[in-house]
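Structure first, then comments.
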Amino acid sequence: MIPYGRQQIDDADCAAVLEALRSDFLTQGPHTERFELAMAAKVGAQHGVAVNSATSALHLACLALGVGPGDQVWTSPNSFVASANCARYCGACVDFVDIDRATLNLCPQALAAKLEQAERCGRLPKVVIPVHFGGEPCAMAPIAALAERYGFAVIEDASHAVGAHYHGEPVGNCRYSAITVFSFHPVKIITTAEGGLATTNDPQLAARMALLRSHGITRDSRQLSRIDEGPWYYEQQQLGFNYRLTDLQAALGLSQLSKLDAFIARRQQLRQAYQRQLAALPLQLQQQDAANLSANHLLVIRLADDAALNRRQLFDELRSAGIGVNVHYIPIYWQPDFAALGFAAGLCPHAEWYYQGALSLPLYPGLQDEQLTHICQQLALLLTGDSGQR
Ligand SMILES: *Cc1c(COP(=O)(O)O)cnc(C)c1O
């Protein structure tokens, strides 16, 4: 089965992990600090805080921004559940802003309309979490303008978008947000097996996230609230967590980061090949803005409603042909655990429309050109009865 996504691990990655394994630090140590500095430098941010997953990074980002019971956090329904769960971990209420049918990202006009309504009933959000779906950056400038006007903070969920650029600048530089969060899960752009990282330009937000990552404990004598009792002394100053990234993982992350540009270039090449070879078929690809560089995490198509097969039929046919297609995403609020909070179908019609015909095709640096052509021929055969093969 050709998978929809897959990590790319080489000998240098293996050597980097072994070297860390033989060093003095296994848990958070010097590699973690180097990885944080390297990631922050790569995306043009002042600070990087590495943690054990993007889910943890989203949780800490919400806490650092003061999200708590009674607050509203809004995000895109076309995302992984973690984009919404972070608000719930903090006891806040989550709500959803519909997507744009072409970019499949949170729609700034829908956000503006929802904010206007929320202002009238005094339910403005404290935080909005746009998600760079499939690696294509959201319309951050208009979202930032709304943040200014309505006084909410922005957390970018850039789990799909390590290496992407928005209007010529790297996603993660936080020009339009307080905090940006990346994921290093194996299907994402670069991997640490499990892992995540938050970037910010605000030293206080960085310090808060770093404190909460490790039990809310500090040993830094300048930050102690009481008299330092000696070299053994530490203080828990807040209720925190164990969200640390190990040094083994950070070593892998550093090695992977050195290949980020090559991964992005290969993904872009594959996306362009798909675009050419699928052009005549009854489906739409996610629209990309020419002013952006997508990280091309996912190759998503939306099947036309009048296509010869429906999504379920196409999914089953491709899977039985050995092509590991997938679906991203079921609208988050359709999950039973969100329905239990009172969410019902119809809330975000565009996200629901997209989901009904959505399919993700294989896309990862190791995908071969011949495999891609085979996938496109299979699709053409199923949708038109002609593979286009000459
Ligand atoms: C993968 C993903 C996450 C969670 O990442 P983990 O590192 O697995 O916790 C969050 N948001 C989005 C959009 C994702 O795709």
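Dipole size of segment 254-390 about its Cα centre, with +1 on Lys/Arg Cβ and -1 on Asp/Glu Cβ: approximately 300 debye, rounded to the nearest 20.
Considering only 348, 121, 90, the Gaussian network model of the chain with Cα springs below 10 Å gives its largest mean-square fluctuation to 121. Shape analysis of segment 184-248 places it in the prolate category; the axes a ≥ b ≥ c from the Cα gyration tensor give an a/c of at least 1.5, with a/b above b/c. Annotation for segment 1-93: trypsin sites (Lys or Arg not before Pro) lying in DSSP loop with at most 12 further Cβ atoms inside 10 Å of their Cβ are 22.
Mind checking which lysines have their Cα closer than 24 Å to the Cα of residue 126? Skip sequence neighbours fewer than 8 apart in that chain. Qualifying lysines at Cα under 24 Å: 114. A convex hull fitted to the Cα coordinates of segment 83-176 yields 97 cubic angstrom per residue.
Relative to the longest principal axis of the Cα atoms of the chain, the long axis of helix 203-213 makes an angle of roughly 90 degrees. In segment 37-91 the Cα-Cα distances spread across 10 Å bins starting at 0 as 23, 44, 29, 4 percent of all pairs.
To the nearest ten degrees, helix 54-64 and the longest principal axis of the Cα atoms of the chain are 50 degrees apart. Taking the chain as a Gaussian network of alpha-carbon nodes connected by springs under 10 Å, the highest mean-square fluctuation of the residues 105, 242, 296 belongs to 242.
Model label points for residue 187 and residue 141, set 7 angstrom from Cα along the Cα-to-Cβ axis, are 3.3 nm apart. When only alpha carbons of the chain are considered, Rg and Dmax amount to 21.7, 80 Å. Give me the percent of the accessible area of segment 182-255 that comes from carbon and sulfur atoms, probe 1.4 Å, all protein chains in place. About 52 percent, which is the carbon plus sulfur part of the accessible surface. Magnitude of the charge dipole for the chain, about its Cα centre and with charges confined to Cβ atoms of Lys, Arg (+1) and Asp, Glu (-1), is about 200 debye.
When the Kirkwood radius is taken over all Cα pairs of segment 211-319, what Stokes-Einstein diffusion coefficient follows at 20 °C and 1.002 mPa s, in µm²/s? Don't skip to the end; give the middle numbers.
Numbers: Rh = 19.4 Å.
Value of D from the Cα-based Kirkwood radius: 111 µm²/s.
A compact globular protein would have a Cα radius of gyration near 2.2 N^0.38 Å; the ratio found for segment 82-126 is 1.28. Shape annotation for segment 1-147: C-alpha extents along the principal axes are 60, 38, 30 Å, from largest to smallest. Straight-line reach from residue 259: taking Cα to Cα under 28 Å and skipping same-chain neighbours fewer than 8 places apart, the lysines in range are 42, 188.
Let a ≥ b ≥ c be the square roots of the eigenvalues of the Cα gyration tensor of segment 138-213; is it rounded (a/c under 1.5), or, if not, prolate (a/b larger than b/c) or oblate? The shape class here is oblate. Expressed as a whole percent, the accessible area of segment 12-79 that falls on carbon and sulfur atoms is 58 (1.4 Å probe).
The values are calculated or read from the model by the stated rules, or taken from the named source; none is laboratory data. Remember, predicted model here, so these are calculated numbers, not experimental data. Cβ atoms come from the backbone with ideal geometry, glycine included; neighbour counts cover every protein chain shown. These accessible areas exclude ligands, DNA and RNA; they are computed on the full protein's heavy atoms, side chains included. Shrake-Rupley method; radii C 1.70, N 1.55, O 1.52, S 1.80 Å.
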